[in-house]
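To start, the structure itself, in structure tokens.
The values are calculated or read from the model by the stated rules, or taken from the named source; none is laboratory data. Everything numeric in this text was worked out from a predicted model, so none of it was measured. Methodologically, a virtual Cβ is constructed for each residue, glycine included, from the backbone with ideal geometry; neighbour enumeration extends over all protein chains shown.
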Amino acid sequence: MARNKGRKNPEINSSSMADIAFLLLIFFLVTTTIANDKGLLIPLPPDPDQMEDIDIKIPERNLFKIQINSADKMLVEGEPFTADTKEIKQMIKDFVNNNGRDPLSSDNPKKAIVSLKTDRGTTQAKFIEVLDNVQAAYYEMYADRAGVTNKQWRKIIDNLKEPDNKRLYDIGRGVKDGEVEFPMNISIAEPTKIGG
């Protein structure tokens, strides 16, 4: 038998493969969710060029000072602090809730200010650890005032659109006639240039 030498092998038409690959690429780009890492929820200060210089006198007793140096060592109220950072929470709660009882502590929660100052060499981990504990102290005080647990308070903050959550949020922060009686007064000072 004679073989047909003119016979060709069957080929797959690949002209549309580029189109298919492009459509798949678009599909995965559109349907893939990219995780958004949240940063610190700290309001930024206003532009210095638009601010006017105002000399504000804050009584020393209304300031709770926390300083962190470039070696991540802390001073709390001028004293070396070697305990666990979580112990700052109770110190802040005692300071803010003083209401003038101790003459060396804050007049009332509205006037109490927690001041946090760092060095340029302070690690971000230490700064965030201390800031988390400062904010946690306030959240615990708000939860106590609202009569809920700390975990419930976090859920209230996440769902403020619900009327009942808004009411509890206002109770926790002491909102009366639109004015906050129990504000979270945290002052983060510009880092000093000492340290590496």
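The residues in segment 98-115 that are over 10 Å from ARG61 (Cα atoms), under 27 Å from the mean Cα position of the chain (by Cα) and among the basic types (Lys, Arg) can be counted, and the count is 1. Checking LEU75, LEU44, LEU25, LEU29 one by one, the residue that is among the hydrophobic types (A, V, I, L, M, F, W, C), out of contact with any strand residue (DSSP E or B) (no Cβ under 9 Å at 6 or more places or on another chain) and modelled with pLDDT of 90 or more is LEU25 and no other.
A count restricted to segment 151-180 and to residues that are farther than 23 Å from ASN108 by Cβ and touching a residue at least 12 places away in the same chain (Cβ under 8 Å) stands at 3. Taking the listed residues ARG173, ARG154, the one that is surrounded by 16 or more Cβ atoms within 10 Å (Cβ to Cβ), among the charged types (D, E, K, R) and either in contact with a strand residue (DSSP E or B) (Cβ under 8 Å, 6 or more places away or on another chain) or modelled with pLDDT under 85 (or both) is ARG173, with no other qualifying.
Looking at the structure I just gave you, is PRO183 in contact (Cβ under 8 Å) with a residue 12 or more places away in the chain, farther than 22 Å from PRO45 by Cβ and either crowded, with 16+ Cβ neighbours inside 10 Å or of a type outside the set (Val, Ile, Thr) (or both)? Here the answer is no, as PRO183 does not meet what is asked.
Set side by side, the residues ASN69, ASN13, ASN62, ASN36 differ, and just one is surrounded by 14 or more Cβ atoms within 10 Å (Cβ to Cβ), farther than 21 Å from ASN185 by Cβ and out of contact with any Phe, Trp or Tyr (no Cβ under 8 Å at 6 or more places or on another chain), which is ASN69.
Across segment 47-63, the qualifying residues are those that are acidic (Asp, Glu) and within 30 Å of ALA112 (Cβ to Cβ), and the one among them that is modelled with the highest pLDDT is GLU60. Between LYS86, LYS65, LYS93, the distinction of being in contact with a Ser or Thr (Cβ under 7 Å, 6 or more places away or on another chain), within 30 Å of ASP144 (Cβ to Cβ) and of a type in the set (D, E, K, R) belongs to LYS65 only.
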